[in-house]
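A.B. asks: Got a structure for you, questions after.
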Amino acid sequence: MKTLLWLTIAVLLFAAYFALSQRKSQPNTESESPTKKTGESNNVPVVEPVSISVSPATLIQGEPARITINGVASSSAIASLTLDDKPLPIFTDESKVSALVGIDFHKKSGSYPIALTLHDGRTIEEKFEVEQRAVATTTFDIPAQLGGNTKEAEHRLTSTLAQDTAIINAVLATTGPEKLWNGQFRLPLDGSITVTDVYGYKRQTGGVSLSHQGTDFRASEGTSVYAINSGKVAFADTLRNYGYTVIIDHGLGLMTLYMHLSENKVKKGDLVEKGDLVALSGNTGYSLGPHLHLSVRINGFSIDPIKFLELMGPE
Ligand SMILES: [Zn+2]
């Protein structure tokens, strides 16, 4: 019995020794264990290449552009998009993630950066060329009923314009954070269209130089004026120089202005659909005959309405 006990102890000691020696002889595999390394894991999602395209490719002072971000499914993937370090509102339209840009009439020509940052940390930077606009200048006489070409009439014109500009700028600052427009934009008038005054030229009146910040359409007194897309009426009142005026906020910094009207058919706060009657055209304010003046503002900048309609309107 005693012998059996000693034998059992000997076997157990041998087994313990064997186990310990085996353990020592094993290589230290801790640092070589097949842990997943960044980039090799099959849990990393498939990454679509992301790119930026700009339409039109060449940009001119006072014109609009559309920036499209290719390779992202929705605007929620984007942390920021800037042009010349200024943030641009992003929207999704017809399954394209885009931003609208209005080039300031006075922006210096040259190369500006567009910078895109995604939430996954990727960044893309592109160059954006702005070209000089050829600006025509015409001389213009202040009509006799507005005082003629006198210093007093010039002063009155510039001071009332400054008042109107302050009111308009305050309205532009109220643009909503939601995109209210849908699909393509339409013309503000029905039937055949005649442009009587283009955007951007300068009218020199004595010591005053005024740049035309919209497009004038031929329209006899009382012609129906329609919202060029859906939005919210941000202003419907009268201004010293622009006469009866309706301003529609389409959201995200895009506003359209209808001026020199004979009658406003909407009031501030009204929601309008594309094609809704908003006013009747006229000859109010500083106007030399019945017409419709249409202005388009993108993030406050006045841009050429005809170029805007080419970009955002029907084919
Ligand atoms: Zn005009």
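The values are calculated or read from the model by the stated rules, or taken from the named source; none is laboratory data. Predicted model, so just to flag it, every value in this text is computed and none were measured. All Cβ positions, glycine included, derive from the backbone under ideal geometry; neighbour counts span all protein chains shown. Ligands, DNA and RNA are stripped out before the accessible areas are found, and what is left, the full protein with its side chains, is counted by its heavy atoms. Shrake-Rupley method; radii C 1.70, N 1.55, O 1.52, S 1.80 Å.
A.B. asks: Which is farther than 29 Å from Ser55 by Cα, at pLDDT 95 or above, out of contact with any Cys (no Cβ under 9 Å at 6 or more places or on another chain) and not assigned by TED's automatic domain parsing to the domain that holds His106, of Val272, Val296, Val278? Talk me through it step by step, then tell me what you get.
C.D. replies: Values: Val272 fails: farther than 29 Å from Ser55 by Cα; Val296 fails: farther than 29 Å from Ser55 by Cα.
Among Val272, Val296, Val278, only Val278 is farther than 29 Å from Ser55 by Cα, at pLDDT 95 or above, out of contact with any Cys (no Cβ under 9 Å at 6 or more places or on another chain) and not assigned by TED's automatic domain parsing to the domain that holds His106.
A.B. asks: If Arg218 meets every condition in (1) away from the ligand (no atom under 16 Å from the Cβ); (2) surrounded by fewer than 20 Cβ atoms within 10 Å (Cβ to Cβ); (3) not polar (S, T, N, Q) apart from one, which number is that one?
C.D. replies: Among (1) away from the ligand (no atom under 16 Å from the Cβ); (2) surrounded by fewer than 20 Cβ atoms within 10 Å (Cβ to Cβ); (3) not polar (S, T, N, Q), the lone unmet condition for Arg218 is (1).
A.B. asks: Condition first: under 16 Å from Leu309 (Cα atoms) and either more than 16 Å from the ligand (Cβ to nearest atom) or not assigned by TED's automatic domain parsing to the domain that holds Gly289 (or both). Now tell me which residues in the range 178-190 satisfy that.
C.D. replies: First pass over the range 178-190, keeping only residues under 16 Å from Leu309 (Cα atoms): 181-190.
If the condition is that a residue be under 16 Å from Leu309 (Cα atoms) and either more than 16 Å from the ligand (Cβ to nearest atom) or not assigned by TED's automatic domain parsing to the domain that holds Gly289 (or both), then Trp181, Asn182, Gly183, Gln184, Phe185, Arg186, Asp190 are the ones that fit.
A.B. asks: Quick one: in the range 186-202, of everything that is within 17 Å of Leu261 (Cα to Cα) and within 25 Å of the chain's Cα centre (by Cα), which residue is surrounded by the most Cβ atoms within 10 Å (Cβ to Cβ)?
C.D. replies: Only one residue fits best here, namely Pro188.
A.B. asks: Limited to the range 200-246, what total is found for residues that are more than 30 Å from Glu152 (Cβ to Cβ) and either touching a helix residue (DSSP H, G or I) at 6+ places or on another chain (Cβ under 7 Å) or among the hydrophobic types (A, V, I, L, M, F, W, C) (or both)? Step through it out loud before you land on a result.
C.D. replies: Residues of the range 200-246 more than 30 Å from Glu152 (Cβ to Cβ): 215, 217-220, 222-234, 236, 246.
Still in the list and also either touching a helix residue (DSSP H, G or I) at 6+ places or on another chain (Cβ under 7 Å) or among the hydrophobic types (A, V, I, L, M, F, W, C) (or both): 215, 217, 219, 225, 227-228, 233-234, 236, 246.
The qualifying residues number 10.
A.B. asks: State which residue pairs qualify: first residue on the phi > 0 side of the Ramachandran plot and inside the range 81-97, second residue assigned to a loop (DSSP other than H, G, I, E, B) in any location, beta carbons under 8 Å apart, and separation of 6 or more residues or different chains.
C.D. replies: Once the first residue is on the phi > 0 side of the Ramachandran plot and sits in the range 81-97, its partners that are assigned to a loop (DSSP other than H, G, I, E, B) give Glu94/Gly183.
Quick grid of which residues meet (1) open to solvent by 40 Å² or more (accessible area, probe 1.4 Å); (2) more than 15 Å from the ligand (Cβ to nearest atom); (3) farther than 25 Å from Gln184 by Cβ:
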position	(1), (2), (3)
Gln204	yes, yes, yes
Ile228	no, yes, no
Thr284	no, no, yes
Pro290	yes, no, yes
Leu294	no, no, no
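A.B. asks: Give the residue that is farthest from Lys265 (Cα to Cα), with candidates limited to residues of the range 230-247 that are within 15 Å of the ligand (Cβ to nearest atom) and touching a His at 6+ places or on another chain (Cβ under 7 Å).
C.D. replies: Within the range 230-247, the match that is farthest from Lys265 (Cα to Cα) is Tyr242.
A.B. asks: Which of the residues that make up the range 257-281 are part of a strand (DSSP E or B), away from the ligand (no atom under 16 Å from the Cβ) and surrounded by fewer than 24 Cβ atoms within 10 Å (Cβ to Cβ)?
C.D. replies: Restricting attention to the range 257-281, the residues satisfying the condition of being part of a strand (DSSP E or B) are 257-264, 271-272, 277-281.
Now drop any that are not away from the ligand (no atom under 16 Å from the Cβ), which leaves 263-264, 271-272, 277-278, 280.
Within the range 257-281, Glu263, Asn264, Leu271, Val272, Leu277, Leu280 qualify.
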